[in-house]
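The values are calculated or read from the model by the stated rules, or taken from the named source; none is laboratory data. As the structure is a prediction and not an experimental result, all values here were calculated from the model. Neighbour counts are summed over all protein chains in view; Cβ atoms, including those assigned to glycine, are modelled from backbone coordinates with ideal geometry. Each accessible area value is taken on the protein alone, full model and side chains, heavy atoms only, with ligands, DNA and RNA left out. Shrake-Rupley method; radii C 1.70, N 1.55, O 1.52, S 1.80 Å.
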Amino acid sequence: MLKKLFKSFRSPLRRGKHVHSTPQVLGRSQHPIERNEISRYATSVVERLQKAGYQAYLVGGCVRDLLLDIDPKDFDVATSATPEQVRAEFRNARVIGRRFKLVHVHFGREIIEVATFRANHPEGDEEENSNLASRNESGRILRDNVYGTLEDDAQRRDFTINALYYDPSTERILDYANGVHDIRNHLIRLIGDPTQRYQEDPVRMLRAVRFAAKLDFDIEKHSAAPIYKLAPMLAEIPAARLFEEVLKLFLSGYAIYTYDLLLDYGLFGQLFPASAEALKANPDYTDQLIRNALENTDLRLQQGKTVTPAFLFAALLWPALPARVLKLQERGMPPIPAMQEAAHELISEQCQRIAVPKRFTMPIREIWDMQERLPRRSGKRADLLLENPRFRAGYDFLLLRESAGEQTGGLGDWWTRYQDVSDSERRAMIRDLSGKDDGPGAPRKRRRSSGKRKRGPGEGSGGPAGE
Ligand code: ATP
Ligand code: MG
């Protein structure tokens, strides 16, 4: 597919950092995109806007992905119509966003996102007097609603490969920023001055990594160079936006590669400070656990299975728990309350960075609590646990811990077998436990917390500290 694209694309490729005022145009025969690969709703939105006298194109990820023979995740439209004008054209449209206003046109479950052409921001006083655009002292764009021409719109997009416009009516592609050239060379390149573009929106650093992982592209060296130094700017990004970005980073099927890049560029510690500390304190175990969790995630997605952000966050944060539990125990707190308190603290701290919604933080706690309960199997406990809606996640999490080298005394195997066997065999398994059932990871009853250091979750025989 790529070969076909580039064989037929004969115009000389010009190099240059900035956007051209006249685009390179790829006609129907010069690119591989077929109209039938495009959502009919997206095509109809574009055609409807064009009929009403506006300019309209498909833009961004969908054009990029189609050129790379990847199924686009969604279809974005760029138009000269303002959000209000777009809304007036469609019955099923809603204006959304404040920082960046756009229109969602709904077709059943499919949403076509329509954005009005934006211009770069006016500088200085002009910007100060505007309620459409604003920046803070570090150059971060707080509001981005200055409309402009198609050329302006190409200029303000993040990467060259994301600044390609496709017109389904003429089947032509407009390339203002040598995006086709960079697709051919597998390069993620920012449009304009990289430092300034990251300062305007530090999330672009995460996007660079995300696209590099997803497309298996390199980040072009000038675009890569400032990332490490500017990574701390992510602290300025609202926690809710970072949550969305982190989901895209880890739940797109390329989590392992993404994790490596985040580490390389110093971005991981900005997103997960406690996990980064655990990586320093206990590198092998922590890295292995995170890696195994991400590998599972990628695999499940590949197999079309569901993944829950709760499991992922539970895994990312788990290695950071023992040190905190220990600290609380050293202050005299008994193991179970120390575990509860440490879990609570860790999650609240993480939520200040990345706003994980309650519907996910609750299950994180439940998965962790389950780790305390899985070793206690006597009497009816094992059967009660099996009935617990969180059992499966808790059991998977136990296997994950074991896969990273935690010693649990064969607890994972025990539970695997228990789920498989008949009722009478289960009874026998419980009988065989006789006294061993509060094995590794389970709290010792009635042990006071004074004196010797106590075992917390992930410590001692059952813990990630792997003593
Ligand atoms: P995908 O949808 O596959 O994740 P995408 O490139 O379509 O990738 P979106 O987040 O859907 O990404 O954004 C659509 C387009 O909007 C991008 O291709 C890019 O042109 C532009 N864009 C998105 N976020 C930014 C940003 N932070 N700065 C500049 N341009 C952006
Ligand atoms: Mg998109």
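Using 0.36 nm per residue of separation minus the Cα-Cα distance, give me the extension gain between GLU349 and ARG98 in nm, one decimal.
Values: separation 251, 0.36 × 251 = 90.36 nm, distance 2.69 nm.
Gain on extension, GLU349 to ARG98, equals 87.7 nm.
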Long-range amide H partners of ALA119 with built H, under 5 Å: VAL146, TYR147, GLY148
Heavy-atom accessible area ranking, 1.4 Å probe, most first, across TYR257, TYR198: TYR257, TYR198
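Rounded to the nearest 500, what is the chain's calculated 222 nm mean residue ellipticity when only DSSP H runs of at least 4 contribute -39500 (n - 2.57) each, over all residues? If you can, show how the numbers build up before the last one.
Numbers: 24 runs with 229 residues, N = 467.
Taken over the chain, the calculation gives -14000 deg cm²/dmol.
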Seen from all sides and averaged, what is the projected area of the convex hull of the Cα atoms in the chain, in nm²? 26.1 nm²
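Are there trypsin sites (Lys or Arg not before Pro) in segment 328-372 that DSSP puts in a loop and that have at most 11 other Cβ atoms within 10 Å, and which ones? Please report the intermediate quantities before stating the final value.
Values: sites: ARG331, ARG353, LYS358, ARG359, ARG365; in loops: ARG331.
Loop-located and lightly packed - ARG331.
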Rank these by accessible area, largest first, 1.4 Å probe: THR82, THR361, THR149. THR149, THR82, THR361
I'd like the distance separating the alpha-carbon centroids of segment 74-92 and segment 136-214, in whole Å. 20 Å
If you filter segment 199-300 for trypsin sites (Lys or Arg not before Pro), then keep DSSP loop positions with at most 16 other Cβ within 10 Å, what is left? none
Simple spin-label model, 7 Å along Cα-to-Cβ: ALA239 to ARG91 in nm? 4.3 nm
Between 0 and 90°, nearest 10: helix 358-373 axis offset from the chain longest Cα axis: 30 degrees
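So how do TYR285, TYR147 rank on accessible area, 1.4 Å probe, biggest first, that is with the largest at the start? Numbers along the way, then the final one.
On the way: TYR285 15, TYR147 80 Å².
Solvent-accessible surface, decreasing: TYR147, TYR285.
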If you count only protein heavy atoms with a 1.4 Å probe, what accessible area per residue comes out for the chain, rounded to a whole Å²? 47 Å²
Sparsely packed GluC sites (Glu not before Pro) within segment 18-58, loop by DSSP, other Cβ within 10 Å at most 16: GLU34
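Using only the Cα atoms, what convex hull volume per residue in Å³ does segment 228-280 have?
Working: hull volume 4.1 nm³, N = 53.
In segment 228-280, the Cα convex hull volume per residue is 76 Å³.
Once you sort the root eigenvalues of the Cα gyration tensor of segment 318-400 as a ≥ b ≥ c, which label holds: rounded (a/c under 1.5), prolate (a/b larger than b/c) or oblate (the other case)?
oblate
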Between THR170 and ARG28, what length comes free when the chain is fully extended (0.36 nm per residue of separation minus the Cα-Cα distance, one decimal in nm)? 50.4 nm
Tilt, helix 411-420 to longest principal axis of the chain (alpha-carbon atoms), in degrees rounded to tens, equals 80 degrees
Rounded to the nearest 10 Å², the 1.4 Å probe accessible area of HIS20 is 30 Å²
Quick one: which of LYS101/LYS248; LYS229/LYS327; LYS280/LYS380; LYS51/LYS101; LYS280/LYS305 span more than 30 angstrom between C-alpha atoms? LYS229/LYS327; LYS280/LYS380; LYS280/LYS305
Can you give the FRET efficiency to the nearest 0.05 for ASP74 and ASP423, using r as the Cβ-Cβ distance and R₀ = 51 Å? 0.55
Can you work out ³J(HN,Hα) from phi for every residue in segment 182-189, in order, using Karplus 6.51 cos²θ - 1.76 cosθ + 1.60 and θ = phi - 60°, giving whole Hz and x for Gly and Pro? 6, 4, 4, 8, 6, 10, 9, 10
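Between ALA281 and ARG431, what is 0.36 nm times their sequence separation minus the Cα-Cα distance? Round to one decimal in nm. Let's see the in-between values first.
Working: separation 150, 0.36 × 150 = 54.00 nm, distance 4.00 nm.
Going from the current span to full extension adds 50.0 nm.
Local charge sum around HIS344 (other residues, Cβ-Cβ under 14 Å, Lys/Arg +1, Asp/Glu -1)?
Details: positive: ARG324, LYS327, LYS358, ARG365; negative: GLU341, GLU345, GLU349, GLU366, ASP369.
So the environment of HIS344 carries a net charge of -1.
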Give, to the nearest whole percent, the P(r) tail of segment 278-437 beyond 21 angstrom, counting all Cα pairs. 52 percent
For the chain, the accessible surface attributable to carbon and sulfur atoms (probe 1.4 angstrom, ligands and nucleic acids excluded) amounts in percent to 48 percent
Two decimals is fine: what is log10 I(q)/I(0) at q = 0.17, 0.21 Å⁻¹ for segment 159-286, from a Debye sum with one equal scatterer on every Cα and no solvent? -0.91, -1.27
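Starting from the exponent 0.38 and prefactor 2.2 Å, build the expected Rg for segment 73-125 from its residue count and divide its actual Cα Rg by it. Don't skip to the answer; put the middle values down first.
Numbers: Rg = 12.4 Å, N = 53, 2.2 N^0.38 = 9.9 Å.
For segment 73-125, the normalised Cα radius of gyration is 1.25.
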